[in-house]
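For reference, the structure discussed in these notes is given below.
The values are calculated or read from the model by the stated rules, or taken from the named source; none is laboratory data. Computed from a prediction, not measured in an experiment: that's the story for all the values here. So basically every Cβ, Gly included, is an ideal-geometry build from the backbone, and we count neighbours across all protein chains shown. Each accessible area value is taken on the protein alone, full model and side chains, heavy atoms only, with ligands, DNA and RNA left out. Shrake-Rupley method; radii C 1.70, N 1.55, O 1.52, S 1.80 Å.
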Amino acid sequence: MLLQVVSTISNSSLLQPGFSLLNFNGHVFLFGQKGWPKRSCPTGVFLLDLKQDELKMKPATFSKDSCYLPPLRYPALCTLRGSAESDEYQYIIHGGKTPNNDLSDKIYLMSLVSKTSKKTTFQCVEKDLAGDVPEARYGHTVNVVYSRGKSASVLFGGRTYTPLAQRTTENWNSVVDCLPSVFLIDLEFGCCTSYVLPELQDGLAFHVSLARNDTVYILGGHSLQNNTRAPSLYRLKVDLPLGSPSVTCSILTGGISVSSAIVTQTGDTEFVLVGGYQSENQKRLVCNTIVLEDGRIEIVERASPDWTPDIKHCKIWFGCDMGQGSVLLGIPGASKQLVSDANYFYILRCKGAEEDKEEEVAAQICSQPVAEDPGDSTPFEDSEEFCFSAEASSFDVDENDTYNEDDEEDESETGYWIICSASCNVDINTWVPFYSTELNKPAMILCSSGAGHWVHAQCMDLSESMLLHLSEANVKYFCNEHVDLNKGLQTPKKLGQLKKQPMKPLRKKAARKLTAPVKKSFLRRLFE
C-alpha cells in the first residue's frame, strides 16, 4: 500500500465532508459540493482531473430534459446496471442533506449523455415512489441486487431529524436513528416495500454495505440509541420471484467495530477497507481485506500503510473511494477557519506498484464522501461522518476551461453565524430557534445600507409578524445601526403644487346687462 501526498487541489473548499464521486468510464465527477451552486457551475457537478499531484475541476452540464438536482451531502449512492454483466450503468442517488441542512426523501437516476474534451452532459431524472416510501434521511446505504433475471434496490439505515411532535426547544435540531427497516425499491415501477426483520433490532448509520448478486452484507456502523459501534455483520438475501419478493436476514460472526470506513474494490471479489473510527475518540488505523464469494464473506487484516505523523495525530479524518483500488484521504489543516486550503489530501493506493503502473490509477480516478467541518461539529460525531456502498460487480480536460472559484462572489460574509452587529448575541453553540420558521439556522434579513449586509432578525428585535411582512413586501430594510443614517441622508419631501382657485361666476344681474346689448344688435341686423 502506497501513500502519496496531493500537493495542490484547486478550489479545495468545495471538497468538504459529505460529497460523493461518480465514476463514468474512468472519468470521475464531483457531486454534492459545499454550499449552493454558483453561476460558473449551476449544476454543482464537476469533472475532476488529477495531473502531477494537482487536482482541477471542470463544470459539467445537464440535458434540457433533466430535473433539478440539489447538491446533496451524505446521500446513499450506488450504480444501477441493466443486468449483473452489463457494462452500461447509471447512478442511483437517494436522500442526503441540502446546504440548508434540509433532508431529502427523493430518489434520482443520473446517466452520462455525452463526453467530449470540451463538454460533459448528464441526464438526471427524479423517480416517483409509491407504497412504503422511505422517509428523508442521510448516512444510509443503497445497493442493487439481481435475482431471477430482475433487479431491485435495497435501502437501509441512516439518520433523520426528531419528529415534529417530539421536538422541544432543547432538541429542535437533534437527529435520531431511522427505524431498522429494510426497503425494497422497484425503480421500474416506483414501488417501495418495507420489511421488519427480527434480526435487525437497532438503527444503524455510517455503516459499510457490499452487494454481490442477490446478497447484501452490512458491516459495522454507529447506533445513536446505544452510542455503540458494535462489531456487527448482517447478510440480507433477496429473492425476486414472479409474485411477492422476500428478504431474509442472517447474523454472521467476524464483524468489525467501525463507522465511517472507506471501501475500494481491488478485484472481482476483493475489497479493501480503510479508515473510519473504532470508538468515539479513536481513529481506526488498521486496514482489512474483504473477499465476497457466493454466499460467503471473509474479512482478514492486512498490512497498513506507513501513516504520516500528521495523519496519526489528527483528531478527525475523512476519505473517498477513488475506484480501481485507490482512496482519497483528507485531514483538516491547522487552521479552523473555513478557508480554501483548510484540508490536506493524500492518495492511498491499495494495489501493488506494478498494478498501479499498468492501470495508471493516479491519472484516471478520484474520490467519494467526507466528514463535517471541524468548526461545525465535534471531532468524532458520527452524524457528520460519511458512509458509502459498493458493488462487487461494479481526464481529457481543457486546461483553459477549468472552474475558478475566484471568479465567484465572496459569500463568506453572508454566513449564518457571523457577528452581524455590535449587539449580536447569536452563537452557534448556544443558539436555539426563536421564530416558528427557523429550524437549523437563524433567520436573517438584508440591510440595504451601502453595498448591503446580512443581519440576524433576532438581533434587530424584529417581531415575527414584522419579519414576515418584510419578507413578503417589496421594501428596503435598514438595520438598527443604519436606520438613523438613512433618515439623515433622505432628501426632503417635495411640496405639493399650489392649487389655482377658479374664477367666481358673474352674478345674474351683471349677466343680464351684458346680454341685453347683444340681443338688440342681433335684431337690428335681422330686420335691416
| Check Asp214: other-chain or 5+ apart residues with amide H under 5 Å from its amide H, H built from backbone geometry? | Tyr146
| What is the sum of charges around Asn288, taking Lys and Arg as +1, Asp and Glu as -1, for the other residues whose C-beta is under 12 Å from the C-beta of Asn288? | -1
| query | How much area per residue is accessible in the range 286-325 when the probe is 1.4 Å and only protein heavy atoms are counted (Å²)? | reply | 49 Å²
| task | Could you tell me, in Å, what Rg and Dmax come out for the Cα atoms of the range 257-331? | result | 12.7, 40
| request: For the range 303-319, just list the computed ³J(HN,Hα) in residue order, Karplus coefficients 6.51, -1.76 and 1.60, θ = phi - 60°, integers in Hz, with x standing in for Gly and Pro. | output: 5, 8, x, 7, 5, 6, x, 4, 5, 5, 9, 6, 7, 10, 8, 8, x
| query | When the Karplus curve 6.51 cos²θ - 1.76 cosθ + 1.60 is applied with θ = phi - 60°, which whole-Hz ³J(HN,Hα) does each residue of the range 120-133 get, with x for Gly and Pro? | reply | 10, 10, 10, 10, 10, 10, 8, 9, 7, 10, 9, x, 7, 6
| What percentage of the solvent-accessible surface of the range 2-352, computed with a 1.4 Å probe over protein heavy atoms, is contributed by carbon and sulfur atoms? | 49 percent
| request: Give the peptides 279-286, 476-483 in descending order of average Cβ contacts within 10 Å, highest first. | output: 476-483, 279-286
| When Lys and Arg each count +1 and Asp and Glu each count -1, what net charge do the other residues less than 12 Å away from Leu30, Cβ to Cβ, add up to? | +3
